[in-house]
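Single-structure report; data block below.
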Amino acid sequence: MTSTALPIAARAPRGLRSVAWIGIALGLVGLWIALPPISVRSWVWSFVLCLIAIMLGIGVLIRGERRFGSFAIASGVLGFGVGYLATLSGLGKLETVVVWSALIASTLRFATPLIFAAIGGVFSERSGVTNIGLEGMMLIGAFFGILGADKLGTWWLGLLTAIVAGGLTALLHAVLSIQLRADQIIGGTAINFLALGLTGYLYVDIYGAQGTPNDIPGIPSVHIGFLDRFSFLDVVLGDLNLMIWVALILIPLSWIFLFKTPLGLRIRAVGEHPRAADTVGLSVYRIRYSAVVLSGMLAACGGAYLSIGFLDSFNENMTAGRGFIALAAVIFGNWRPFGAAAACVLFGFSSALAQRLPEYSGSAAVLFQALPYVLTLIAVAGVVGRSIPPAAVGRPYRKS
Amino acid sequence: MSDLDQPPAGAPQDPSGLGPGVRQSMLERYDVAAKAGGLLAPVLTALLAFAVGGLVVIITTGKNPLATYRAIFEGAGFNWLLPWVQGTERQAAAFNMQQTLIITTTLVLTGLAVAFAFRCGLFNIGGQGQYITGAIFAVWIGSSFEGLNPFIHVVFAAAAGALCGALWAGIAGILKATVGAHEVISTIMLNWIAIWIGAFLFGVGGPLQNDRQEFVPVSNDIVEGAKLPVFWGDPVFQGLHIGFFVAIAGLVIYWLILSRTTLGYGVKAVGFNPEAARYGGINVPRNYFLAMAISGAFAGVAGAIDILGWQFRLGTDTVQQATIAFVGIAVALLGRNTAIGVALAALLFGGLLTGTATRNLDPEVFQPELASNLTLLIQGLVVLFVGADVIVLWLMSRMRRKRPA
Amino acid sequence: MTEAAPTVLEMTHITKRFAGIVANDDISFDLRQGEVHALLGENGAGKSTLMNILYGLYHPDEGEIKIAGKQVQLGSPSAAIDAGVGMVHQHFMLIPVMTVAENIVLGHEPRHADLFLDIGEANERVREISDRFGLTVDPKARIQDITVGQQQRVEILKALHRNADILVLDEPTAVLTPQEAGELFGIVRGLTEQGKSIIFISHKLNEVAEIADRITVLRRGKLIDTIPAAGATEESLATLMVGREVTLRVDKSPSNPTDTLLEVRDLHVFDDRGIEKVRGISLDIRAGEIVGLAGIDGNGQTELIDAMTGLRRAASGSVKVAGKDVTTATAYGHFEAGLGHIPEDRQRRGLVLEFSIAENIALHDYRRAPDSRFGWLFPARLLERGARLIKEYDVRGGGPQTRAGGLSGGNQQKVVLAREIDRNPQALIAAQPTRGLDVGAIEFVHRRLVEERDEGRAILLVSLELEEILSLSDRILVIYEGEIVGEFPPWATEEELGVAMTGGGRGEEAA
């Protein structure tokens, strides 16, 4: 009946979206031409193209099409940033950085932990529980994954340990936010602190100054032999970690689960209107508990991939805000598995770029480490208000 | 039947996707809890957190947690308050106490940075980024302008730090005010952006990196004139600087703004009920921005004071390990967002951090590296028990039943 | 009804206490097959509590429930559903973003391969039941796209899909137009003919007399009487329900309107979703009159009020308060120009519940002298004014420093009233000023509004209660789909208004 949102005079016309698409395309072209194989050697071209992209994006955004407007702005920022840096560095260096096949493979590597956590976030939020503790659950997964693999001797026991630990952490969040009706943001923050303290404490206690040993059994990669013949595909897909494939399969699976099964319908119902679900005899608490625990398990998988699939070591606070990026991906992806995964791939790409750039160019490249965070900020700013969250998310349910 | 947990049909949806956030539930509960328990609830919360932390100590190391806590107590210099501690022991205690108060100064300010936004219904977990940007500007100004009048130099550097923190937090405030982006996500992202900006500025080859030491990723030292005078203890051995009074002033300003100004009235009204505030003619977005900016100014000053008071330089590693602002969250929550509460909670955590610092804790009693993580754990537990205040309130009701009043 | 119909439900000696209150005090109630048994009572009489016990949401402290002769324990809604009880809640328990079929099968979903949701089968089932009972709805439509009347049918279908034999309808006509209510009565009769038994909760005397076979009256948690509907008059029922003779008319002298103080010209307003909810409304409200705006909920009243008070920007048109154009002014600008606004939801909007009474009274004026100067607030002056108004408006339950949230609804509304009127506004917009209040508080608010009219203020009264509109207004306007479709004198009948409220009067020039 009442309104807190700023008044929007009218629904955004369709045409705006096409304009935004042009902006997105221009930004990507600006990025593309500065990189091999084209490698335009003046930054002006990228600049002009990306400036137009950003201006189109802003124009579209203020006319009400926020989602695609922000895509166009992000594309412009990304395009010009990368383009400018590319023209600064030598051609030879550039060709070492931008090997598209390697870049795509690297994007998948960076996107995978995000995808696990984001899918987990989709489940939790769809059931009506805000999960800002994804970060902590990932960190728990990362530590217990490596601990389990080290002490129990196999990677899959390590992964299992991570899943159990992540599930237990999520259970704590569930008790806080469902049973005790604590503020879910505060509860999640507590989870993040606790995870940071607990993993740091145990890490120092168990591994001390030496750090995690080098001979920990890691999650194996899947070598696809017949791809040897296609050099591009071989680099991209030929030797990916098992967890990357699991993540890719998880996306459609979770979509089917959420939208094509009775249980998925119930999860969504509980997140939209818990009392309605209660009055038809569903247990709101049980469904929310399951969804939150599941989200913790998935986030822990993402963390375990980081420690025993990707880096083969553990550092304190090694998740570095990835849980929050995953949460942003959930919002950006409109609480849908495919949307969230697509956002993760975008963030993964920026991380992959940021990772590869500093090795070959000057000190300014360090700044590119901030790229995923800047993109997340733009994404969150641009998308909210146009995407519709589950109606009851963040609200504790009180049985009458 | 309670319809409170349900949005009425057609109610506006919170666009951020993270739910109603802290404003409805926490602020109401604080109000009730503060009246119900006064000091008792936060004290119980802290005791619970320390008890659980002690359990972790026993389980993992088998050591006596009480001995550990006692060592931390002495490491923090709290024994200086005991009149029977005399002689060299007293000198050491005084030194430790000074260190504790130096950290308390920072914690008061970062705590206020969280508390002020909280009163407007915003959860500012971006104190870290605001602290870093404040410190960056302070170190830049402090290491330039050699020969400037010391008073002007210090005020200039601190004000620049405050302004910078305010602007950094203001980004999140504007995003919240205009498009409704949830401040939790945006401030976390701003933290990481600030960290990488710091890494760039002070990294090897960066614009603010040291002139003389080419391969050390650290800034120039600030000039003598920009250092804060020490009023207790030895300036050479890091005595207590006058930034301590800035923290006290911060507490007074915080209280005055909230209880004696129209700005505070507006901020609180928005925090309790943004819809009623809007109906009352209060500009809600403007208050979101102002609350974030003022919060950021507190955190920015904290960063500046640390640079001008005792760190004197900023390096990439200090930037990355600047987690002091996160402790501010626990300080504000434990202090129930009141000025006095923040002061006491800051002292508690200041003591905890000093007492577990490597040089203060006897490794035979407890391994210092472990202890600093124990601090993190206790901090998390405090936030946990504040969030799950139901547990604390239940304990309180049990205690009341035993002693009928 | 046939005398031989078996009893399907027996609730005996039900008692339910909440902290300090006895919501149901030794109530016995029974229901026969194929009958409509009305449960009549004022707000807070205990009707909802009794039905929530039947639906397994509350557990009675004493008493027992028998369904079809067997004693049952209804520990949860699913137990009640299994026992054959279905409930249509006053606030629909429907999920707006899901389809009709998804809402109906939720919890009892058809599956294929035991694993997947069979949405085709769900649609088929819905179509089948809706044909059987004559309740047409499109199974594939989303709830948010269908009318309130259709949503109610979905609720009924939801219960029927779970094989309910006993249907509880909780104030089913509150959200319906008179015409939709008529259709509902047809549906109810159809259901009883097929052997379903209906409990019909209401506080509207006329419809109870029309639809029910028997009537049970509750008052303050106690059973007053169960009587056959045949022979019951509205007057006798009213006396049973309230416990005394009720006079609903407000004493007031004829109005004597003078200058126009609130003027709206061709206003167009969109809602948050970009739908045009106000489509060219013009109003002139003069000093010394109360203009009532009648209409079914959701026909643009909220958007109209928001635009007239600066809480929402109008797409076009103009608003003037006491001759001053405030179309683009902020909410504060409207208050400055001399507008008072009693908002429709005092808890969400009218008050900051955590603030004290004194602070709430200062909500508009805290930025001005004498409350503050140069941004510096003087709490003592706030308290002083608070104390004065508490006395003047007879606010009970606390002093100026009491939290507003701790007051009862009626006293909260008095605080809002005090704040708005004490500013001495030229014009006053009162939106649902008595919603959820008890009889005493309603009388207070009504009397006060008439007094303010006599003081020479221009008052716009927006209400969903026709009775309130009829008893207070000097002129009545009817809003339908964002347009004013008719103007009526205060002696118009409910039926005349009802026709206009459903668009029936459009095109004709009503007197």
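A compact table of results
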| item | result |
| --- | --- |
| Condition met for C:Thr12 (at pLDDT 90 or above and either among the β-branched types (Val, Ile, Thr) or on the phi > 0 side of the Ramachandran plot (or both)) | yes |
| Long-range neighbours under 8 Å by Cβ, at least six apart or interchain, first residue in the same structural domain as C:Asn360 (by TED's automatic domain parsing) and more than 25 Å from B:Ile257 (Cα to Cα) within region C:376-399, second buried (at least 16 other Cβ atoms within 10 Å of the Cβ) and of a type in the set (Phe, Trp, Tyr) | C:Asp394/C:Phe444 |
| Hits in region C:351-396 (condition: among the charged types (D, E, K, R) and farther than 27 Å from C:Pro433 by Cβ) | C:Arg373, C:Arg381 |
| Hits in region A:255-281 (condition: more than 8 Å from chain C (Cβ to nearest Cβ) and either within 21 Å of A:Arg395 (Cβ to Cβ) or in contact with a Pro (Cβ under 7 Å, 6 or more places away or on another chain) (or both)) | A:Trp255, A:Leu258, A:Ile267, A:Val270, A:Gly271, A:Pro274 |
| Given (1) in a helix (DSSP H, G or I); (2) within 12 Å of chain A (Cβ to nearest Cβ); (3) surrounded by 22 or more Cβ atoms within 10 Å (Cβ to Cβ), number of the condition B:Gly121 does not satisfy | (1) |
| Residue that is farther than 30 Å from A:Tyr285 by Cα, at pLDDT below 90, more than 14 Å from chain A (Cβ to nearest Cβ) and surrounded by 18 or more Cβ atoms within 10 Å (Cβ to Cβ), where the choices are C:Leu40, C:Leu31 | C:Leu40 |
| Odd one out for B:Ile132, checked against (1) β-branched (Val, Ile, Thr); (2) modelled with pLDDT of 90 or more; (3) touching a strand residue (DSSP E or B) at 6+ places or on another chain (Cβ under 6 Å) | (3) |
| Lone qualifier among C:Leu283, C:Leu304 - being farther than 17 Å from C:Arg419 by Cβ, among the hydrophobic types (A, V, I, L, M, F, W, C) and either surrounded by fewer than 24 Cβ atoms within 10 Å (Cβ to Cβ) or in contact with a Cys (Cβ under 6 Å, 6 or more places away or on another chain) (or both) | C:Leu283 |
| Single match in B:Gly341, B:Gly300, B:Gly296, B:Gly351 (criterion: in a helix (DSSP H, G or I) and surrounded by fewer than 22 Cβ atoms within 10 Å (Cβ to Cβ)) | B:Gly341 |
| Any pair with Cβ under 6 angstrom, 6 or more apart, that starts in region C:71-83 at a residue that is among the polar types (S, T, N, Q) and ends at one that is part of a strand (DSSP E or B) and loosely packed, with under 15 Cβ neighbours inside 10 Å | C:Gln71/C:Glu64 |
| Out of A:Ile163, A:Ile140, A:Ile132, sole residue that is touching a residue at least 40 places away in the same chain (Cβ under 8 Å), over 15 Å from A:Phe310 (Cα atoms) and not in a helix (DSSP H, G or I) | A:Ile132 |
| When residues of region B:274-312 are limited to those that are among the hydrophobic types (A, V, I, L, M, F, W, C) and within 14 Å of chain C (Cβ to nearest Cβ), the one farthest from B:Thr100 (Cα to Cα) | B:Ala276 |
| Breaking point among (1) buried (at least 18 other Cβ atoms within 10 Å of the Cβ); (2) touching a Ser or Thr at 6+ places or on another chain (Cβ under 9 Å), for C:Ala174 | (1) |
| Helices (runs of 4 or more DSSP H) fully within region A:224-294 counting 3 or more residues that are under 30 Å from C:Ala101 (Cβ atoms) | A:242-260, A:262-272, A:274-279 |
| Pick from region A:313-354, criterion touching a Lys or Arg at 6+ places or on another chain (Cβ under 8 Å) and under 16 Å from A:Ala118 (Cα atoms), ranking: farthest from the other protein chains (Cβ to nearest Cβ) | A:Gly348 |
| Failed criterion for A:Val366 (all others in (1) modelled with pLDDT under 90; (2) touching a strand residue (DSSP E or B) at 6+ places or on another chain (Cβ under 9 Å) hold) | (2) |
| B:Thr375 touching a Pro at 6+ places or on another chain (Cβ under 7 Å) and within 18 Å of B:Leu55 (Cβ to Cβ) | no |
| Selection count, region B:56-93, where residues are among the acidic types (Asp, Glu) and in contact (Cβ under 8 Å) with a residue 24 or more places away in the chain | 1 |
| Those strands (runs of 3 or more DSSP E) lying entirely in region C:179-296 with at least 2 residues under 30 Å from C:Ile27 (Cβ atoms) | C:197-202, C:214-219, C:222-228 |
| Some residue of region B:265-273 being surrounded by fewer than 22 Cβ atoms within 10 Å (Cβ to Cβ) and at the interface with chain C (Cβ under 10 Å from one of its Cβ atoms) | no |
| Top-ranked residue of region C:348-378 - restricted to ones that are surrounded by fewer than 18 Cβ atoms within 10 Å (Cβ to Cβ) and more than 7 Å from chain B (Cβ to nearest Cβ), ranked as nearest to the chain's Cα centre (by Cα) | C:Arg368 |
| Neighbours by Cβ (under 8 Å, 6+ apart or cross-chain): first from region C:90-103, over 25 Å from C:Ser202 (Cα atoms); second of a type in the set (D, E, K, R) and surrounded by 20 or more Cβ atoms within 10 Å (Cβ to Cβ) | C:Pro96/A:Glu272; C:Val97/A:Glu272; C:Met98/A:Arg268; C:Met98/A:Glu272; C:Asn103/C:Lys158 |
| Subset of region A:308-329 [out of contact with any Leu (no Cβ under 9 Å at 6 or more places or on another chain) and assigned to a helix (DSSP H, G or I)] | A:Phe310, A:Leu311 |
| Number of positions in region C:311-347 that are touching a Gly at 6+ places or on another chain (Cβ under 8 Å), part of a loop (DSSP other than H, G, I, E, B), buried (at least 21 other Cβ atoms within 10 Å of the Cβ) and at the interface with chain B (Cβ under 8 Å from one of its Cβ atoms) | 1 |
| Cβ pairs under 7 Å, 6+ apart, first in region C:106-129 and at the interface with chain A (Cβ under 8 Å from one of its Cβ atoms) and at positive phi, second of a type in the set (A, V, I, L, M) and assigned to a loop (DSSP other than H, G, I, E, B) | C:Gly107/A:Val280; C:Gly107/A:Leu282 |
| Number of the condition not met by B:Leu228 [criteria: (1) free of Cβ contacts under 8 Å to residues at least 60 places away in the same chain; (2) assigned to a loop (DSSP other than H, G, I, E, B)] | (1) |
| Test set (1) closer than 24 Å to C:Arg388 by Cβ; (2) assigned to a helix (DSSP H, G or I) - C:Asn424 fails condition number | (2) |
| Residue count for region C:97-116, restricted to those that are modelled with pLDDT of 90 or more and either farther than 15 Å from A:Leu265 by Cβ or touching a Ser or Thr at 6+ places or on another chain (Cβ under 6 Å) (or both) | 1 |
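The values are calculated or read from the model by the stated rules, or taken from the named source; none is laboratory data. Not measured: the values here are computed from a predicted model. Every residue, glycine as well, gets a Cβ built from its backbone with ideal geometry; the counts of neighbours run over all protein chains shown.
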